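Scroll down for the structure; my scribbles are underneath it.
The values are calculated or read from the model by the stated rules, or taken from the named source; none is laboratory data. A quick note: this is a predicted structure, and the numbers were derived from the prediction, not measured. Reconstructed Cβ throughout: ideal geometry from the backbone, glycine too, with neighbour counts over all protein chains shown. Side chains are part of the model used for accessible areas, which takes the heavy atoms of the whole protein and leaves out ligands, DNA and RNA. Shrake-Rupley method; radii C 1.70, N 1.55, O 1.52, S 1.80 Å.
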Amino acid sequence: MTVHFIGAGPGAPDLITLRGRDLLARCPVCLYAGSIVPPAMLAHCPPGARLVDTAPMTLDAIEAEYVAAHADRFDVARLHSGDLSIYSAVGEQIRRLERHGIPYTLTPGVPAFAAAAAALGRELTLPEVAQSVVLTRAGGRASRMPEGEDLAAFGATGATLAIHLAVPAIERIAATLSPLHGADCPAAVVAHASWPDERLIQGTLGDIALRVADAGLERTAIIFVGHALGATEFRESALYDPAYRRRFRKGSAP
């Protein structure tokens, strides 16, 4: 018996990986976060599978499901939205599985920030504009930010910021970053990326908070801030420059 943690992707049922889909199809038990995993994703589960919505459950109750499935020798598919590597609460579940000696695997998924960038039609890194992406969040009711992980410090790097779980703090975020990037720095909010009700709000640090308030957005969105979002005058990558020597291109300049 194995618990298979599966990144379900950002929401669209066809953005799950082939590996994730195939694992779902062979597990007789599926635990999924019903508040953020679309019901259509469950169509990949086998007929008669036990489907458990974990949205209203505590960690203790989820642990009990794993232990019961282990006793019955049933493999479990554990669906999480996006990718497992960030903001997934997988770490605490793994810790409990290891205490019970229950084996597990992790299958990555399409991260929400990647789907959000695709919805905007933007590359988050551009030559000599931004070559780094900072994935972060705003401290709040769920948990505080660790010491040293400060939004102003991240903003000072000039990297593109992808700020998760932070729409209620949009005014504070804009106020923090405007002195660093300028009020005219591009900013965008993508809600429910890849879902049928996907929404895009684009503006600047000077007006993004007002635009979000007017749209009535409150959660399940990613905030992007950075000059790469609006840059048009940037040098082309050397990767495809005919004068750039590459071992994969015949006739490259010496």
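At-a-glance table
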read-out: Residue list for the stretch 63-89, filter: of a type in the set (Val, Ile, Thr) and buried (at least 18 other Cβ atoms within 10 Å of the Cβ); value: VAL76
read-out: Whichever residue in the stretch 41-100 is among the small types (Gly, Ala, Ser) and part of a strand (DSSP E or B) and, among such residues, is farthest from ALA116 (Cα to Cα); value: ALA77
read-out: Lone unmet requirement of (1) free of Cβ contacts under 8 Å to residues at least 40 places away in the same chain; (2) surrounded by 13 or more Cβ atoms within 10 Å (Cβ to Cβ) for TYR104; value: (1)
read-out: Members of the stretch 1-19 that are open to solvent by less than 40 Å² (accessible area, probe 1.4 Å) and not in a strand (DSSP E or B); value: THR2, ALA8, PRO10, GLY11, ALA12, ILE16
read-out: Among (1) in contact with a Leu (Cβ under 8 Å, 6 or more places away or on another chain); (2) on the phi > 0 side of the Ramachandran plot - the single one ARG78 does not satisfy; value: (2)
read-out: Test: residue in the stretch 128-145 that is touching a residue at least 40 places away in the same chain (Cβ under 8 Å), over 30 Å from MET1 (Cβ atoms), open to solvent by less than 20 Å² (accessible area, probe 1.4 Å) and in contact with a strand residue (DSSP E or B) (Cβ under 9 Å, 6 or more places away or on another chain); value: yes
read-out: Test: residue in the stretch 20-29 that is assigned to a loop (DSSP other than H, G, I, E, B), touching a strand residue (DSSP E or B) at 6+ places or on another chain (Cβ under 6 Å) and under 25 Å from ILE222 (Cβ atoms); value: no
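Yes/no per residue for (1) of a type outside the set (Asp, Glu); (2) farther than 25 Å from PRO196 by Cβ; (3) at pLDDT 95 or above:
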{"position": "HIS4", "(1), (2), (3)": "yes, yes, yes"}
{"position": "GLY11", "(1), (2), (3)": "yes, no, no"}
{"position": "ASP14", "(1), (2), (3)": "no, no, no"}
{"position": "LEU31", "(1), (2), (3)": "yes, no, yes"}
{"position": "VAL37", "(1), (2), (3)": "yes, no, no"}
{"position": "MET41", "(1), (2), (3)": "yes, no, no"}
{"position": "MET57", "(1), (2), (3)": "yes, yes, yes"}
{"position": "ALA61", "(1), (2), (3)": "yes, yes, yes"}
